[in-house]
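Since the structure comes first, as structure tokens, the remarks are kept for the end.
The values are calculated or read from the model by the stated rules, or taken from the named source; none is laboratory data. This is a predicted model, so every value here is computed, not measured. Ideal geometry is used to build each Cβ from the backbone, glycine not excepted, and the neighbour counts take in all protein chains shown. The protein model used for the area step is the full one, side chains on, heavy atoms only, and it has no ligands, DNA or RNA in it. Shrake-Rupley method; radii C 1.70, N 1.55, O 1.52, S 1.80 Å.
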Amino acid sequence: MNPRAAAHRILAEVRAGALSDRAASRILPAVDPADRGLALEIAFGCLRLRARLDAWVRAFADRPTRRIDADVLDWLRIGVYQLTELRTPDHAAVGETVRAARGGLGRGKAGYVNAVLRALARGRDADPFPAPEADPVAYLCSWGSHPEWLVRRWLERWPLSDVRRLVEQQNRPPDVVVRMLTGDDPAPPEVPEGVELTPVAGWPRSFTLAKGSPEAALSGLRAVIQDPAASAVVDYVGGRPAEPVLDACAAPGTKALGLAAAHGVRVVALDISRRRLARLAAPARRLDLPVSAAVADARRLPVAEAGTVLADVPCTGTGVLRRRADARWRLEPRGLDDLVALQREIVDGCAEAVRPGGLLVYSTCSLEYEENEAQVDAFLDRRPDYRREPPELPEACVTSRGDLFVRPWLTGTDGAYAARLRRVA
């Protein structure tokens, strides 16, 4: 399949309700391996930067985007992304896109795509975005390509300069980071042939995959693929955790593997999704780690007593939007309210399973106050038998209250939050 046609198929499936990663996994096998990277870059770039690309389309089209046929609009986004973001030469960005579009749209609609893209190529020096100082919300929604309700929330909490850096970070394609499960050597380990790793500054045991595939890298290393922010949650659990150790919302299980490898303890990974939990079996065998798995609802854990429970709860994922290309457009304020209610049920259920003296670690990959500090504060109000317990060693990303909060605009990583909650005897 032509890579641009494959990108268009991915966009069409996402428009129909599919998740971007699942759509890509279905479609990319039909693309020549040499072209898969381009197809994925275009598709996911168009999803992340949809609002930015639409601003360019509006500047050169003869009608509002809402009046443009959905398939035509996706082809325009594909062409605009190549012209403005990839800096593909005009003849290739326009010519190859129109040629690929002609098969699905027909000559007439493909001609319209051609006309708009050629007009943009001629007038690329135009600036279709509001001035950030005059209208920061409109700027961060169009150039920044984020939903307005989310932009307004962030601007209420952080300065414009921080929110702009956050938006820029969320719009970058994510690196593939290899997390070593042994040692703290800042130098890259010996790697399989064809693989190249570079250290991630400030994050021991984390290395960016600069060359080669993740499968090739993991084949010869005692490691997992994990962003430093997620690795920070594992480290934040602290010294050797009291057993039994439960990862209550574990799938796909990378944190469970990290806990088992770091401390040599047996970890039971629990999740409500059998399909997602099944992905844990192969890496656990490869790494020979004492991790077992069971399907369970974290709101009602089927255990009498645990020494340590990690509750990495479902959340809005606003700290990992760069990894979930379509997620920002699926989020809605009422979805946040629903998740906060679910998180409350999960943390209360997990708290019942922790024995006196044991540790409950609550974590999310969200940046939102309601899912993080407010959720923990409300829990402590309900449960006077729990208290915050700051980590034993100071951490750069630990707040004054002892919670972990990884801010993407400061670290260049994903975002993460965690709180250590000790059940007093």
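Pairs under 7 Å by beta carbon, first residue on the phi < 0 side of the Ramachandran plot in segment 357-370, partner in a loop (DSSP other than H, G, I, E, B) and among the acidic types (Asp, Glu), six or more apart or different chains?
Pairs found: CYS365/ASP414.
Only one of (1) open to solvent by less than 20 Å² (accessible area, probe 1.4 Å); (2) more than 27 Å from ARG407 (Cα to Cα); (3) not hydroxyl-bearing (Ser, Thr, Tyr) fails for GLY253. Which number is that?
(2)
Please give the helices (runs of 4 or more DSSP H) falling wholly within segment 308-425 in which 2 or more residues are in contact with a strand residue (DSSP E or B) (Cβ under 9 Å, 6 or more places away or on another chain).
Per the criteria, 333-353, 373-382.
Somewhere in segment 124-135, is a residue in contact (Cβ under 8 Å) with a residue 24 or more places away in the chain, in a helix (DSSP H, G or I) and among the aromatic types (Phe, Trp, Tyr)?
Checked segment 124-135: no residue is in contact (Cβ under 8 Å) with a residue 24 or more places away in the chain, in a helix (DSSP H, G or I) and among the aromatic types (Phe, Trp, Tyr).
Say whether the condition of being surrounded by 16 or more Cβ atoms within 10 Å (Cβ to Cβ), among the small types (Gly, Ala, Ser), under 19 Å from HIS8 (Cβ atoms) and in contact (Cβ under 8 Å) with a residue 12 or more places away in the chain is met by at least one residue in segment 107-120.
Scanning segment 107-120 turns up at least one residue that is surrounded by 16 or more Cβ atoms within 10 Å (Cβ to Cβ), among the small types (Gly, Ala, Ser), under 19 Å from HIS8 (Cβ atoms) and in contact (Cβ under 8 Å) with a residue 12 or more places away in the chain.
Would you point out which residue out of ASP338, ASP312, ASP297 is without any contact (Cβ under 8 Å) to a residue 60 or more places away in the chain, acidic (Asp, Glu) and closer than 28 Å to PHE44 by Cβ? Write out each step before concluding.
Working: ASP312 fails: without any contact (Cβ under 8 Å) to a residue 60 or more places away in the chain; ASP297 fails: closer than 28 Å to PHE44 by Cβ.
Going through ASP338, ASP312, ASP297 in turn, the sole match is ASP338.
Filter segment 392-424 for residues that are farther than 19 Å from LEU166 by Cβ and either charged (D, E, K, R) or open to solvent by 20 Å² or more (accessible area, probe 1.4 Å) (or both) and give the result.
Selection gives GLU392, LEU393, PRO394, GLU395, VAL398, SER400, ARG401, ARG420, ARG422, ARG423, VAL424.
I'm checking my understanding of the structure. Among residues of segment 68-101 that are closer than 21 Å to ALA16 by Cα and outside any helix (DSSP H, G or I), which one is most open to solvent (accessible area, probe 1.4 Å)?
Here the answer is ASP69.
Could you check segment 165-183 and list, in sequence order, the residues that are in a loop (DSSP other than H, G, I, E, B) and at negative phi?
Residues satisfying the conditions are ARG172, PRO173, PRO174, ASP175, VAL176, LEU181, THR182.
If I filter segment 308-323 for residues that are open to solvent by 10 Å² or more (accessible area, probe 1.4 Å) and more than 20 Å from the chain's Cα centre (by Cα), do I get at least one hit?
no
Listed here are the residues, each with its yes/no results for (1) at pLDDT 90 or above; (2) over 22 Å from LEU339 (Cβ atoms); (3) surrounded by 16 or more Cβ atoms within 10 Å (Cβ to Cβ).
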| position | (1), (2), (3) |
| --- | --- |
| PHE207 | yes, yes, yes |
| VAL233 | yes, no, yes |
| GLY238 | no, yes, yes |
| CYS249 | yes, no, yes |
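Go through segment 137-170 and give me each residue that's basic (Lys, Arg), open to solvent by 60 Å² or more (accessible area, probe 1.4 Å) and more than 22 Å from PHE44 (Cβ to Cβ).
ARG152, ARG157
Is it the case that GLY104 is modelled with pLDDT under 95, surrounded by fewer than 14 Cβ atoms within 10 Å (Cβ to Cβ) and in a helix (DSSP H, G or I)?
The answer is no for GLY104.
Of ARG36, ARG50, which residue is free of Cβ contacts under 8 Å to residues at least 40 places away in the same chain and within 22 Å of GLY95 (Cα to Cα)? Can you show your working first?
Working: ARG50 fails: free of Cβ contacts under 8 Å to residues at least 40 places away in the same chain.
Going through ARG36, ARG50 in turn, just one is free of Cβ contacts under 8 Å to residues at least 40 places away in the same chain and within 22 Å of GLY95 (Cα to Cα): ARG36.
Just to be sure, is ALA281 out of contact with any His (no Cβ under 8 Å at 6 or more places or on another chain), open to solvent by less than 50 Å² (accessible area, probe 1.4 Å) and within 10 Å of LEU246 (Cβ to Cβ)?
no
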